[in-house]
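Here's the structure we're looking at; comments come further down.
Please treat every number below as a calculation from the coordinates, not as lab data. Small disclaimer: the values here were computed from a predicted structure and weren't measured. Positions of Cβ are backbone-derived with ideal geometry, glycine not excepted, and every protein chain shown enters the neighbour counts.
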Amino acid sequence: MKDWRFGELKYERPDFDAFAEFMKDKTGEIKNALCPKDVLRVIGEVDECDMELSSAINTAQIRHTLDTTDKFYEEEINCINQALPKLQQHYVEYGDALMNSAYRKDIEDKYGQMFFVGLELSKKSFCEANIPLMQREAVLTDEYQKIMATAQIDFKGEKLNLYGIQKYFEDDDREVRRQAFRAYSDFYSANEPRLEEIWDELIRVRNEMGRNLGFENYIPLGYLLQGRTDYGQEEVASYREQVREVLVPFCEKLYRAQAKRLGLDRVCVFDEKKVFADGNAHPAGDDDFMVRRAQEMYHLISPETGEFIDFMIDHELMDLKNKPGKASTGYMTELPSYRAPYVFSCFNGTTGDMQVLTHELGHAFAGYMAMRNQPISAFFSETTDIAEIHSMTMEQFAYPYAQMFFGDDADKYRFSHLQEALTFVPFGVAVDEFQHICYANPGLSPKERTYEWHKLERKYMPWRVYEDDEFMERGGFWYHKLHIYLYPMYYINYTLTTLGAMEFKTKDHEDHVRAWRDYLNLCKCGGSLSYLETLKYANLDSPFEAGSVEKACAYAMETLLKQLEKFE
């Protein structure tokens with residue numbers, strides 16, 4: 001199927017009962033196989049059907065997020081969310097048959113050790129008692145997402161969604177910035193009662209899932225579901241402490257310099273996005289202009305990225321414009337049957353649009369390469385702690401082409417983007433520690449949990465000032481971070497991978513050819529190696545070693561300090 005477009009793809013609700021029967025039959029064939037060839041044939045057949053199922057589900061999910069008010073796809077997602085947990089038992093039984101097969105060595109010779117590591121993780125993270133809990137979790141997370149997607153904020157005569165209002169966080173007029181952030185804050189404050197209830201129930205539901213598997217709470221299960229096999233909570237906690245010691249004081253220095261540039265005594269929360277007194281960098285054209293420039297850039301970066309971007313555009317695998325009812329999020333997903341990534345976001349006319357064109361397309365490029373280099377769909381996607389290296393490094397590789405998007409403001413873009421890359425990390429580790437606190441202390445009341453966020457801001461973001469916003473001051477900022485609700489225990493990955501991206505930035509400065517070769521290898525290997533093995537394969541350091549944060553970020557910090565002098 002060569003000349004297809006995403007919008008033209010036919011969607012039919014998967015026959016989940018038929019798929020369950022198919023998995024039962026194939027599990028039986030594995031158990032009764034008489035030779036390795038029979039087992040490998042069944043694995044291939046299951047993989048093909050699984051890719052078809054995933055492609056149908058992801059098509060429905062994409063179309064649901066494109067318009068959360070579309071009743072047809074809302075019902076499809078509800079159906080899918082109820083059906084998928086019931087299939088987990090069949091996947092586990094199929095995995096057990098493979099792990100106990102007399103031909104296990106033959107399977108491992110073909111697909112590698114990680115094939116069985118993935119099966120073991122699936123087994124450890126599932127039990128039948130969790131099926132109704134997983135179904136309830138899906139209902140709650142979908143409700144949260146719909147609250148966010150249907151937000152309408154009245155501001156300056158417009159009705160804006162959560163992406164639309166954020167363009168005013170960079171306005172030249174400080175009072176407009178202040179009012180825009182207050183309007184943003186008021187939306188979350190007005191919805192706090194229901195957001196509290198959703199989060200409270202999610203903690204209860206997820207902790208019960210963990211206990212059903214023999215854990216004290218959800219946290220170990222969350223680590224399993226993130227595919228973490230070679231590090232745990234202790235390593236993450238020591239890493240967060242490195243961030244506090246190294247990056248927090250450096251970020252304070254950056255914000256003091258920003259206050260001086262803006263002529264302020266201090267930077268308030270509504271000033272943080274306003275990096276330059278004479279105006280931030282802004283895209284030099286509209287949404288279509290940005291996509292055209294992205295296509296040109298990816299052709300300049302490498303033959304592989306040029307082929308990739310043409311594929312994405314030819315098959316209409318990006319939806320980037322902000323529209324009413326569109327989910328307030330950005331993501332990359334896959335249509336594995338078509339060997340196709342898909343990118344979703346909401347442009348808002350700020351530097352964030354460039355981040356979408358590099359970050360989400362970095363994910364997509366990695367998926368595109370893995371789908372063309374890995375023998376089985378289990379390896380099309382890497383562990384989540386690796387995935388963000390692809391995206392964040394692509395942001396750095398785009399720096400030489402910034403003028404194509406921002407004209408004379410290219411240096412402003414590079415500085416503000418790099419500053420945000422580092423100032424983000426303390427926030428990211430705070431989000432991670434907040435989740436650990438919530439799941440480990442389920443007896444906390446909703447207001448007590450929110451106050452824990454307030455304390456984490458003092459610990460990791462001591463520069464943060466809300467100025468007469470009682471809701472945010474007592475800890476309300478965390479409500480906006482959808483990953484807490486939708487993707488538990490994921491968020492630390494953004495910070496771990498920032499270190500990988502900063503390492504690539506350093507290597508690119510020293511030897512671009514070597515840096516690009518390592519990056520391309522990283523993308524091609526997909527999920528065929530464990531986290532630490534993948535880092536080693538790409539010639540990257542572990543973020544858990546003593547001094548790793550300072551070592552990885554040294555060149556980026558040095559670059560920012562030199563640029564501070566230019567912008568004084």
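Starting from the coordinates of the alpha-carbon atoms of the chain, obtain the Kirkwood hydrodynamic radius over all distinct pairs and give the value in Å to one decimal. Display every interim value, and only then the final one.
Working: mean 1/r = 0.0404 Å⁻¹.
Taking every pair of different Cα atoms in the chain, averaging 1/r and inverting gives 24.8 Å.
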*Between the alpha-carbon centers of segment 271-295 and segment 1-22, tell me the distance in whole angstrom.*
38
_What would the Debye equation give as log₁₀ I(q)/I(0) for segment 432-529 at q = 0.10, 0.17, 0.25 Å⁻¹, counting only Cα atoms as equal point scatterers?_
-0.45, -0.85, -1.34
*What number, in nm² with one decimal, is the all-direction average of the projected area of the convex hull of the alpha-carbon atoms of segment 122-218?*
8.0
*Please turn the phi angles of segment 504-518 into ³J(HN,Hα) values with the Karplus equation 6.51 cos²θ - 1.76 cosθ + 1.60 (θ = phi - 60°), one per residue in order, whole Hz, x for glycine and proline.*
5, 4, 5, 5, 5, 5, 7, 6, 4, 4, 5, 5, 5, 4, 5
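How charged is the neighbourhood of Ile43? Take every other residue with its Cβ under 13 Å from the Cβ of Ile43, and add Lys/Arg as +1 and Asp/Glu as -1. The partial results should precede the final answer.
Numbers: positive: Lys26, Lys37, Arg41, Arg104, Lys110; negative: Glu29, Asp38, Glu45, Asp47, Glu48, Asp50, Asp106, Glu108, Asp109.
Summing Lys and Arg as +1 and Asp and Glu as -1 gives -4.
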*For segment 519-534, take each phi angle, set θ = phi - 60°, evaluate the Karplus expression 6.51 cos²θ - 1.76 cosθ + 1.60, and give the result in whole Hz per residue in order, putting x for glycine and proline.*
5, 5, 4, 4, 5, 5, 6, x, x, 7, 10, 6, 4, 5, 5, 5
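Using the number of other C-beta atoms within 10 angstrom as an exposure proxy, rank Cys346, Cys127 with the fewest first. Intermediate results must be reported in sequence, preceding the final value.
Values: Cys346 23, Cys127 16.
Fewest-to-most ranking of Cys346, Cys127: Cys127, Cys346.
Fewest Cβ neighbours within 10 Å first, please rank Asp271, Asp106, Asp288 accordingly. Can you show the working numbers first?
On the way: Asp271 22, Asp106 15, Asp288 10.
So the ranking, lowest neighbour count to highest, is Asp288, Asp106, Asp271.
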_Based on C-alpha coordinates, I'd like the Rg and Dmax of segment 274-353, in Å._
14.5, 49
*What are the residues whose amide H is under 5 Å from the amide H of Leu160, where those residues sit 5 or more places off or on another chain and H is modelled from the backbone?*
Ile153, Asp154, Phe155
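Using helices alone, I'd like the mean residue ellipticity at 222 nm for the chain: each DSSP H run of four-plus residues gives -39500 (n - 2.57), total over residue count, nearest 500. Walk me through the intermediate numbers first.
On the way: 23 runs with 377 residues, N = 568.
Mean residue ellipticity at 222 nm (helix-derived): -22000 deg cm²/dmol.
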*Ranked Ser548, Ser542, criterion: other C-beta atoms within 10 Å, fewest first*: Ser542, Ser548
*If one takes the longest principal axis of the Cα atoms in the chain, at what angle in degrees, from 0 to 90 and to the nearest 10, does the Cα axis of helix 131-149 lie?*
30
*Return one quarter of the surface area of the convex hull spanned by the alpha-carbon atoms of segment 414-476, equal to its mean projected area, in nm².*
4.7
_Principal-axis tilt of helix 352-371 within the chain, Cα atoms, nearest 10 degrees_ = 20
*From the backbone phi of segment 291-306, what are the Karplus-calculated ³J(HN,Hα) couplings (6.51 cos²θ - 1.76 cosθ + 1.60, θ = phi - 60°) in whole Hz, Gly and Pro given as x?*
5, 4, 5, 4, 5, 4, 4, 5, 6, 7, 5, 6, x, 5, 6, x
*Taking the alpha-carbon centroid of each part, what is the distance from segment 94-149 to segment 319-393 in angstrom?*
22
*Name the long-range amide H neighbours of Leu335: under 5 Å, sequence gap of 5 or more, or other chain; modelled H, no Pro or chain starts.*
Ala340, Tyr342
*segment 6-124: C-alpha pair distances exceeding 21 Å, %*: 45
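Within segment 224-297, list the trypsin sites (Lys or Arg not before Pro) lying in a DSSP loop whose Cβ has at most 14 other Cβ atoms in a 10 Å radius. All intermediate terms of the calculation are to be shown ahead of the outcome.
Details: sites: Arg228, Arg240, Arg244, Lys253, Arg256, Lys260, Arg261, Arg266, Lys273, Lys274, Arg292, Arg293; in loops: Arg228, Arg266, Lys273, Lys274.
Sites meeting the loop and neighbour criteria: Arg266.
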*Tilt of helix 113-124 relative to the longest C-alpha principal axis of the chain, in degrees (0 to 90, nearest 10)?*
90
